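The values are calculated or read from the model by the stated rules, or taken from the named source; none is laboratory data. All of these numbers come straight from a predicted model, not from anything done at the bench. Cβ sites come from the backbone with ideal geometry, for glycine too, and all protein chains shown count toward neighbours. The accessibility values were calculated without ligands, DNA or RNA, using every heavy atom of the protein model including side chains. Shrake-Rupley method; radii C 1.70, N 1.55, O 1.52, S 1.80 Å.
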Amino acid sequence: LNVPQRLLRLCGASGFGLEIKDELVKLSNEAAQKEGVADRVKFIKADLFKTDISRATVLTMYLLPNTVNMLKEKLLTELKPGTKVLSHDYPLAGWVPEKYVQWDLEDKVQISGVTTTLIYLYMVPAKVQGSWRATVPASVGKAPLSLSLRQQVTRVSGTARLDGKDVALDDLKIHGEQISFALPSKKAIFTGTVKGDAITGEVEAGGVKAPWSAKLVK
């Protein structure tokens with residue numbers, strides 16, 4: 001409990017915690033008072049499945065593996081794209097972590113019988129699956145570009161309809177609201193920001209950078 005609360009004090013952040021057991025809620029709020037951050041952090045007794053978590057910009061959880069994975073849909077539905085999610089010891093099935101850290105911690109022996117500690121860092125992805133109509137500079141094409149994107153949480157693949165042919169997109173990645181991909185046939189590299197049903201960004205082709213945009217069709 002003390003480490004996150006010290007970080008709150010150092011970074012000037014605020015937060016709230018959810019716990020179902022009365023004694024742990026009491027202990028957590030006492031620790032917040034002791035650390036001098038009680039004015040910025042509050043622990044409450046609540047059902048995490050029924051509590052609105054949409055305000056969070058960083059969410060940390062230390063839950064059993066079945067509970068972690070029961071939360072997957074809630075995280076995707078309620079949290080904004082770009083929100084960081086840290087899971088202690090247990091991964092989110094089907095999500096690709098941005099970072100993974102493992103080390104030994106003696107305090108863990110009392111909890112699990114081993115010293116191994118795992119931290120998975122995820123970032124909530126923007127939803128990009130569907131058909132997009134993109135407006136691109138002349139260096140890429142004279143006509144609008146059609147994009148067809150498929151998404152499995154943090155994994156994205158897709159094709160572009162160009163000159164009457166479907167061309168696979170290379171190195172397609174989604175990091176929160178940021179999307180990037182390459183169109184090899186045009187030697188073009190696209191980067192952009194996803195905001196709902198729109199993407200705006202920059203494309204580099206032939207050493208020239210220019211704006212591009214796209215709208216979700218369906």
- line: Within region 73-86, the count of residues that are more than 21 Å from residue 173 (Cβ to Cβ) and either open to solvent by less than 60 Å² (accessible area, probe 1.4 Å) or among the β-branched types (Val, Ile, Thr) (or both) comes to 3
Residue list for region 44-100, filter: among the acidic types (Asp, Glu), in contact (Cβ under 8 Å) with a residue 12 or more places away in the chain and over 18 Å from residue 14 (Cα atoms): 47, 78, 89, 98
query: Looking at region 80-110, which of its residues are at pLDDT 90 or above and farther than 15 Å from residue 121 by Cα?
result: 80
- line: Per the filter on region 107-140, residues under 24 Å from residue 71 (Cα atoms), part of a helix (DSSP H, G or I) and of a type in the set (A, V, I, L, M, F, W, C) are 111
message: Filter region 78-92 down to the residues that are outside any strand (DSSP E or B) and farther than 12 Å from residue 49 by Cα and list them by number.
response: 79, 80, 81, 82, 83, 89, 90, 91, 92
- prompt: Across region 114-137, which residue is farthest from residue 58 (Cα to Cα) among those that are touching a residue at least 40 places away in the same chain (Cβ under 8 Å) and open to solvent by less than 20 Å² (accessible area, probe 1.4 Å)?
  reply: 134
statement: Note on region 119-154: residues among the hydroxyl-bearing types (Ser, Thr, Tyr), at pLDDT 95 or above and touching a Pro at 6+ places or on another chain (Cβ under 6 Å) are 120, 122
- prompt: Got a sec? Which of 50, 34 is in a helix (DSSP H, G or I) and either basic (Lys, Arg) or crowded, with 17+ Cβ neighbours inside 10 Å (or both)?
  reply: 34
message: Return the residues of region 187-212 that are touching a strand residue (DSSP E or B) at 6+ places or on another chain (Cβ under 7 Å), farther than 16 Å from residue 173 by Cα and in contact (Cβ under 8 Å) with a residue 40 or more places away in the chain; say none if nothing qualifies.
response: 205, 210, 211, 212
query: Counting only residues that are within 18 Å of residue 188 (Cα to Cα) and either charged (D, E, K, R) or not in a strand (DSSP E or B) (or both), how many does region 151-163 have?
result: 2
query: In region 138-161, which residues are under 20 Å from residue 202 (Cβ atoms) and either in contact with a Ser or Thr (Cβ under 6 Å, 6 or more places away or on another chain) or surrounded by 15 or more Cβ atoms within 10 Å (Cβ to Cβ) (or both)?
result: 139, 140, 141, 144, 145, 146, 147, 149, 156, 158, 160
